[in-house]
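Peer 1: After the structure tokens below, expect a handful of questions from me.
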Amino acid sequence: MDIIETARQRRDLQGLPYAGAVTPAEAYELLQRHPAAKLVDVRTNAERDWVGRVAIPADRHVAVEWSVYPGGTPNPRFLEELAGAAGKDDVLLFLCRSGVRSRHAAKAATEQGYANCFDILEGFEGDKDAQGHRKTIGGWCKANLPWVGA
């Protein structure tokens, strides 16, 4: 089954307000195969600097903060910065730490006319395990997809 079709089925089953949701592995495969796919990393610059970054070609990666550090306030230029980095018909794969901010970003972009916004489930680090650590339960890192540490 096609990844985008599967992602849209998740949208329909879960009533998502954007095009759909993909696993980290599906997102990586789309980035390899779909010419209009871009990963939109909505984590803060501090998170990318201190925790790590996806290791994919620069033309497939967009860094646009959903909220700013310090303080966690919404980035008032989010949509403007996204517009400068991605087209309305691109396949946009939104990534955050655990899959929460990316959902909000995908929804906001969809509301602005971006037709193909997909949330990357589990995010970059995934949820915390019983010891409070990330990167052990789910996410881009746990899936052993390319990334570089801080």
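Read-outs throughout are calculated quantities, based only on the coordinates presented, and are distinct from any laboratory measurement. What you are looking at is a predicted structure, and each value in this text was computed from that prediction instead of being measured. All Cβ positions, glycine included, derive from the backbone under ideal geometry; neighbour counts span all protein chains shown.
Peer 1: When you have a sec, figure out the Kirkwood radius of the stretch 48-108 from all distinct Cα pair distances and drop it here in Å to one decimal?
Peer 2: Evaluated on the stretch 48-108, it is 12.6 Å.
Peer 1: Summing Lys, Arg as +1 and Asp, Glu as -1, what charge do residues with Cβ under 9 Å from the Cβ of TYR114 carry, TYR114 excluded?
Peer 2: With Lys, Arg at +1 and Asp, Glu at -1, the neighbours total -2.
Peer 1: Now, a different point. Full extension from THR73 to LYS88: what is 0.36 nm times the residue separation minus their Cα-Cα distance, to one decimal in nm?
Peer 2: 2.9 nm
Peer 1: Taking H placed 1.01 Å from N in the peptide plane, check which residues at least 5 places from PHE94 or on another chain put their amide H under 5 Å from its amide H.
Peer 2: VAL40, PHE118, ASP119, ILE120
Peer 1: Shifting gears a bit: Amide H of HIS61 versus every other amide H placed in the peptide plane: which residues, excluding those fewer than 5 positions away on the same chain, fall under 5 Å?
Peer 2: Hits under the 5 Å cutoff: LEU39.
Peer 1: When the expected Rg is taken as 2.2 N^0.38 Å, what fraction or multiple of it is the alpha-carbon Rg of the stretch 3-149?
Peer 2: Rounded to two decimals, the normalised Rg is 0.96.
Peer 1: Where does the chain land at 222 nm, in deg cm²/dmol rounded to the nearest 500, when only DSSP H runs of n ≥ 4 count, each adding -39500 (n - 2.57), divided by all residues?
Peer 2: About -9000 deg cm²/dmol.
Peer 1: Turning to a different aspect of this structure: With +1 on each Lys and Arg Cβ and -1 on each Asp and Glu Cβ, how big is the dipole of the chain about its Cα centre, in debye rounded to the nearest 20?
Peer 2: Its charge dipole is roughly 240 debye.
Peer 1: Starting at the first residue of the stretch 67-79, write each ³J(HN,Hα) from the Karplus equation 6.51 cos²θ - 1.76 cosθ + 1.60 with θ = phi - 60°, in whole Hz, x for Gly and Pro.
Peer 2: 10, 9, 10, x, x, x, 6, x, 6, x, 9, 3, 5
Peer 1: Give the aspartates and glutamates whose C-alpha is closer than 18 Å to that of LYS88, dropping any in the same chain fewer than 8 places away, or say none.
Peer 2: Those aspartates and glutamates meeting the cut-off are ASP41, ASP59, GLU80, GLU111, ASP119.
Peer 1: Still on this model: Grab the beta carbon distance between TRP50 and GLU29, set R0 = 30 Å, and tell me the FRET efficiency rounded to 0.05.
Peer 2: So, using R0 = 30 Å, E works out to roughly 0.60.
Peer 1: Have a look at PHE118, VAL22, TRP140 and report the one farthest towards the positive end of the charge dipole of the stretch 22-150, computed about the Cα centre with Cβ charges (Lys/Arg +1, Asp/Glu -1).
Peer 2: TRP140
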